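In what follows, a structure is listed as structure tokens, so that the remarks can point back to it.
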Amino acid sequence: MTNQFMTITGASDRMAQRYLKSHSYKLDQAVDSYFEHNPSLERPGVGSKSTLNSLFDTLVPSSDETKSIGLDATLSYVSKLGFEPDDIEILILFEIVQSPTLGQITREGFVEGWAKVGQNGATVPTDLKAQSRHIRTLVPSLSSDRGFFRRVYRHTFLVGREENQRALALDTAKSYWELLFGPTGFNWTGPSGKSWLGVWKAFLDDKWTRTVSKDMWNQTLEFAYKTIEDESLSFWTEDGAWPGVIDEFVVWAKEKGHVVVAVGGGGGGGGGGMEVDT
């Protein structure tokens, strides 16, 4: 923690220990206090925000609208970063800049999102090459860091909805699931080699015709995590708290022979481990 404080503030080891100790080793509070007592020092990210604002200006197609960019300008930005619209890197980008809708990036989200990258002492990516490089370095974390993947996954629901809609169109949801649960994301394939993504898609094609709600979207991820840990689906019970669509899927998957129930299994999990929206 001392090293983190020193990296963020540029303070000496002795000064770092002094501030950390006086704030019960709470890093954020110690850093805030340090800059409050040293107003002549520039806090990391302050100068960077000015540069990021200037970069955003280059993305704005006209002077008529300076607070956000729309689809065409966003696609141009994506191209300059070296990505295609259907690359998974785009979903990482949209989470970083907190895009409110597909193809829209606000100035505030752009500046604050990229500046936040440097909040723990890392270099703020203030040019296109640095931003592209940063996004690429995050791709492996989609499969190794569940917290990070969950943030990208959940934000995808927000940007994927059509204007004024509370749910995702089914075809849109399928496309995003294929991308997020594919090889470059969280590969929804069990230890046995079974493609649970393939089974899920087959179920949707066979049984589901409605839109995808936020709860269905979020709980599909939690269910996916559980299936990787237990392909017999013994964690699922009829009286569990899973959404109805998950219940239908489990019944359907068993009927179709996709689930091999271990002898003596079939229950006991009670649906545990599911995250409930708040």
Computed over the chain: longest principal axis from alpha-carbon atoms vs helix 128-138 long axis, angle to nearest 10 degrees, is 40 degrees
Under 16 Å Cα to Cα from residue 49, which lysines show up? Leave out anything in the same chain fewer than 8 places away.
-> 67, 116
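Assuming R0 = 35 Å, what is the FRET efficiency of residue 170 and residue 133, from their Cβ-Cβ distance, to the nearest 0.05? Spell out each step's value before the answer.
On the way: r = 35 Å, r/R0 = 1.01.
Efficiency for this residue pair is about 0.50.
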Summed side-chain charge close to residue 129 - residues other than residue 129 whose Cβ falls under 13 Å, Lys, Arg +1, Asp, Glu -1 | +2
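Counting Lys and Arg as +1 and Asp and Glu as -1, each charge on the Cβ, what is the dipole of the chain about the Cα centre in debye, to the nearest 20? Can you show the working numbers first?
Values: 28 positive and 36 negative charges, 160 e Å.
My answer is approximately 780 debye.
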Angle between the Cα long axis of helix 214-229 and the longest principal axis of the chain, 0 to 90 degrees, nearest 10?
-> 80 degrees
Based solely on C-alpha atoms, express the radius of gyration and the Dmax of the stretch 73-146 in angstrom.
-> 11.8, 32
Order by protection proxy (mean Cβ within 10 Å, highest first), peptides 165-172, 91-98, 109-116 = 91-98, 109-116, 165-172
If one compares the long axis through the Cα atoms of helix 244-255 with the longest principal axis of the Cα atoms of the chain, the angle in degrees, nearest 10, works out at 50 degrees
Cα convex hull volume per residue for the chain (Å³) | 171 Å³
Can you list the aspartates and glutamates whose alpha carbon is less than 13 Å from that of residue 194, not counting same-chain residues fewer than 8 positions off?
-> 229, 230, 231
In whole Å and largest first, what semi-axes does the C-alpha gyration tensor of the stretch 166-255 yield when each eigenvalue is scaled by 5 and square-rooted?
-> 18, 17, 12
Mean residue ellipticity (222 nm) of the chain, computed from DSSP H runs ≥ 4 via -39,500 (n - 2.57), nearest 500 | -17000 deg cm²/dmol
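We did not get these values from a lab; they are worked out from the coordinates using the rules stated. Only a predicted model underlies this, so the values are computations on that prediction, with no experimental measurement involved. Cβ coordinates were reconstructed from backbone atoms using ideal geometry, including for glycine residues, and neighbour counts include every protein chain displayed.
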